[in-house]
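Please treat every number below as a calculation from the coordinates, not as lab data. Every value quoted in this text rests on a predicted model; they were computed, and no experiment measured them. Neighbour counts are summed over all protein chains in view; Cβ atoms, including those assigned to glycine, are modelled from backbone coordinates with ideal geometry.
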Amino acid sequence: MKQISLIDAGKRFNKDWIFQSLNVAFEQGQHYALIGNNGSGKSTLLQILSGYTTLSKGTIEWNNADSQTAYDQISIAAPYLELVEELTTIEHFKFHATFKSLVDTLSIQEMIQLIGLENATHKQIRYFSSGMKQRLKLALAIFSTSPILLLDEPCSNLDKEGYALYKQLIQQYAMHKLIIVGSNDPEEYAFCTQQINLMDYK
């Protein structure tokens, strides 16, 4: 799958339209930023693109896939996605690898070292700070071999060091992917060449 297309797409909750009349094709290897005020629909649109939720009107097309098979092609990191808190860091990587293949250029231990969690390799996620959890979420999504990467407020709970790590991971391991970032922080989507302001689709 190299592209996701939205045709006359709209989403509403009760009688309120979050966005509507959205026509866009997200193409492989391109990087897009979804921007707009809080409540403009950035997270909702990312959930639609991932197949997690549905449109209220219009059509979404995943090239050569449907909402079930598209799952294999997409990785997502978002603040609202939960980790399995009973697992340790290394156990979570191994668990994740049972349904999303990871890049074969790095071992799991090397991935853990890259995100600065080597001292927490055998620590249960329940004891992680919010920043540590976010590092792990980003790593699981970025190190997956899925050609499409969806990022919702990717630097949530990260400090200055975490921002730098995020940028490093994107540059080294994800620039060949179709990336869609939902954010109001220009630092999070500085590498994106295209912007879609959802305020234009009210």
GNM of the chain, Cα pairs under 10 angstrom: of LEU138, LEU178, LEU81, the biggest fluctuation goes to LEU81
The FRET efficiency for THR59 and GLU91, from their Cβ-Cβ distance with R0 = 41 Å and rounded to 0.05, is 0.55
Neighbours of SER146 by Cβ distance under 10 Å: Lys/Arg at +1, Asp/Glu at -1, summed charge +1
Rounded to whole angstrom, the alpha-carbon centroid of the stretch 177-202 lies from that of the stretch 20-87 at a distance of 13 Å
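In whole percent, what relative contact order does the chain give with Cα contacts below 8 Å and a gap of six or more residues? Each step should come with its number before you reach the end.
On the way: 363 pairs, mean separation 65.9, N = 202.
33 percent.
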Rounded to the nearest 10, the angle in degrees between the Cα long axis of helix 160-173 and the longest principal axis of the Cα atoms of the chain comes to 80 degrees
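With runs of 4+ DSSP H residues as the only contributors, calculate the mean residue ellipticity of the chain at 222 nm using -39,500 (n - 2.57) per run, divided by the residue total and rounded to the nearest 500. Write out the running numbers ahead of the final one.
Numbers: 5 runs with 50 residues, N = 202.
After summing the helix terms and dividing by residue count, I get -7500 deg cm²/dmol.
For the stretch 1-54, run through the chymotrypsin sites (Phe, Trp or Tyr not before Pro) and keep only the ones in DSSP coil with at most 10 other Cβ atoms within 10 Å of their Cβ. Mind showing how you got there, number by number?
Details: sites: PHE13, TRP17, PHE19, PHE26, TYR32, TYR52; in loops: TYR52.
For chymotrypsin sites (Phe, Trp or Tyr not before Pro) across the stretch 1-54 that sit outside H, G, I, E and B with at most 10 neighbouring Cβ atoms in 10 Å, the list is empty.
Which net charge results when you count Lys and Arg as +1 and Asp and Glu as -1 among the other residues whose beta-carbon is under 11 Å from that of ILE74? If you can, show how the numbers build up before the last one.
Details: positive: LYS100, LYS177; negative: ASP72.
Charge balance near ILE74 sits at +1.
Write out the GluC sites (Glu not before Pro) in the stretch 1-97 meeting two conditions: DSSP loop, and at most 13 other Cβ atoms within 10 Å of their Cβ. Kindly include the intermediate steps, with their values, before the conclusion.
Details: sites: GLU27, GLU61, GLU82, GLU85, GLU86, GLU91; in loops: GLU82, GLU85, GLU86.
Passing sites in the stretch 1-97 are GLU82, GLU85, GLU86.
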Quick calc, the stretch 3-201, dipole around Cα centre from Cβ unit charges on Lys, Arg (+) and Asp, Glu (-), nearest 20 debye, gives 220 debye
